[in-house]
1. Out of the residues in segment 63-86 that are hydrophobic (A, V, I, L, M, F, W, C) and free of Cβ contacts under 8 Å to residues at least 60 places away in the same chain, state the one that is surrounded by the fewest Cβ atoms within 10 Å (Cβ to Cβ).
2. Return only the number of the condition from (1) crowded, with 23+ Cβ neighbours inside 10 Å; (2) more than 15 Å from the chain's Cα centre (by Cα) that Ile339 does not satisfy.
3. Within segment 86-96, is even one residue part of a loop (DSSP other than H, G, I, E, B), within 18 Å of Gln127 (Cα to Cα) and of a type in the set (Val, Ile, Thr)?
4. Would you mind finding the one in Glu253, Glu227, Glu249 that is under 30 Å from Pro20 (Cα atoms) and in a helix (DSSP H, G or I)?
5. List pairs: first residue in segment 393-410 and in contact (Cβ under 8 Å) with a residue 12 or more places away in the chain, second residue charged (D, E, K, R) and part of a helix (DSSP H, G or I) anywhere in the structure, Cβ distance under 7 angstrom, at least six positions apart or on different chains.
6. Would you call Ala165 within 28 Å of Pro210 (Cβ to Cβ), in contact (Cβ under 8 Å) with a residue 40 or more places away in the chain and touching a Phe, Trp or Tyr at 6+ places or on another chain (Cβ under 6 Å)?
7. Filter segment 342-360 for residues that are modelled with pLDDT of 85 or more and aliphatic (A, V, I, L, M); which is farthest from the chain's Cα centre (by Cα)?
8. With respect to Ala140, determine if the residue is under 29 Å from Asp17 (Cβ atoms), touching a Lys or Arg at 6+ places or on another chain (Cβ under 6 Å) and surrounded by 16 or more Cβ atoms within 10 Å (Cβ to Cβ).
Amino acid sequence: MASKTNSKSVNIGARLDRLPNSGWHIKMWLVSAFALLVCWSNGIGGAVQNILLNELHWLEEGSALLAMWGTTYTAGQLFGALVGGPIGDKIGRKKSILLYEIIHIIAMIGGAVSPNVTVLYVFRLVQGFGLGALLVVLFAGFTEYVPGRNRGVWSSRNSFIGNWAHPVCNGIAFVIALTGISYNMNWRVQYMIPSILSIVASILIAKKFPESPRWLEAQGRLDEADEIMTRIEKEIEASTGKPLPAVTEAPKEVKQLPYSALFRGKLLKRTIVGSLVLIGMNTIQYTLMNWMPSLLRSLGYDTSQSQFMTMFGLFGAPFGIFIASLIMDKIPRRVMGVILLAGMAVLGIITGQQTEMTALIVSTFCLNTIIYMYVCYASAVYVPEMWPTSAKLSGSGFCNAMGRVSNIFFPFLVTSVASSMGSGGVFVLITIVAVIIAVCVFIFGVETRGESVEDIGNVE
């Protein structure tokens, strides 16, 4: 199927990119960031599993069901990203966000009222599907609403708020435990809280979030695109009290691309690079989160000490994303990717060689900081922005799905390395993965910093 070019244009890209930072941009950011913050069905997975395993005995140690707890959710996320992206490119940004919110909310409520573990696993699979699709739309779709000159900063701010979901939901789980309610109610309440908050987020999106005028223009729905764009312009003029800058750029060609375009020509290269970038993010993040406690235990630290050291090191996560939000638009994307991957490679080796508590805490904090700078770079900025409008969610969704695939198979490699080389060998594995991906980003990566969505989408 050949790409289709719209013969007319209402110059949406140039009109959006020339807008000054305003309350409208802040509103768009806060609504999308809140939606990211409260969709934490994945964040409570560990706490719920702990109750089902150790208190209610719905799960048994060493059982196949227990082994499938994480795999079921990951499989749902994989298919959610793979299917949700193309659907979002067909029906639009706003409709797809609301669709996946509804699926995710229903699955969380269903999980909360599940009468047995079999039903819970079905809803857990659907939760993964809903969240996998929702994250693609929220991150990739958001890039169409903000100017190219500071798109990285706005997207990084989304990531900064969204990544507080894990500490927030675990803090809520701690408070729920203090109330003394039964364990059978405890885990159900943990599902109900994000369900209610996600309903609030959906209402805000329905009322405050316009359809992407860029997407409408790409679909040839020019009157609707112009109407929404004019409304945005009037709102910003009213809030700033100043006339908007004149549109100085000529309209640019906007094409409708089929899904198959992701696997040929220039877009094929982006598909490969985007997939590798997210494979690196998922595998390195997985390795650190799951094997740091094992490394500490192998060095003679008891469970309480290893938990304290791991927790302290994890404070590097919000710090890393905050730093990333400050510098994201100051460094070329390819250069930044290579720097972060090289930093992870070096710090991975350094961390694996430490044995003293203070040195381990410091090195783990630094490693977490740079890993989460990379998480922000990969999942919120670089991969979501590298696509033409008509294929943005499809491209981002496919790459996210490939990242999820790596999470299914990579643990087997990690286990093999750990058994043959010890926990220190796992950090060598981090280094090897980081170096391979850094080389690919440097050679094949596309530069997107400061570029308009339309220029990025020019793949001729």
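The values are calculated or read from the model by the stated rules, or taken from the named source; none is laboratory data. Everything quoted here is computed from the prediction, not taken from an experiment. Note: ideal-geometry Cβ built from the backbone for every residue, glycine included; neighbour counts use all protein chains shown.
1. Ala64
2. (1)
3. Looking for residues that are part of a loop (DSSP other than H, G, I, E, B), within 18 Å of Gln127 (Cα to Cα) and of a type in the set (Val, Ile, Thr), one finds none in segment 86-96, hence no.
4. Glu227
5. Leu393/Asp89; Ser394/Asp89; Gly395/Arg270
6. The answer is yes for Ala165.
7. So, considering only residues that are modelled with pLDDT of 85 or more and aliphatic (A, V, I, L, M), the one farthest from the chain's Cα centre (by Cα) is Ala359.
8. Working: under 29 Å from Asp17 (Cβ atoms): yes; touching a Lys or Arg at 6+ places or on another chain (Cβ under 6 Å): yes; surrounded by 16 or more Cβ atoms within 10 Å (Cβ to Cβ): yes.
The answer is yes for Ala140.
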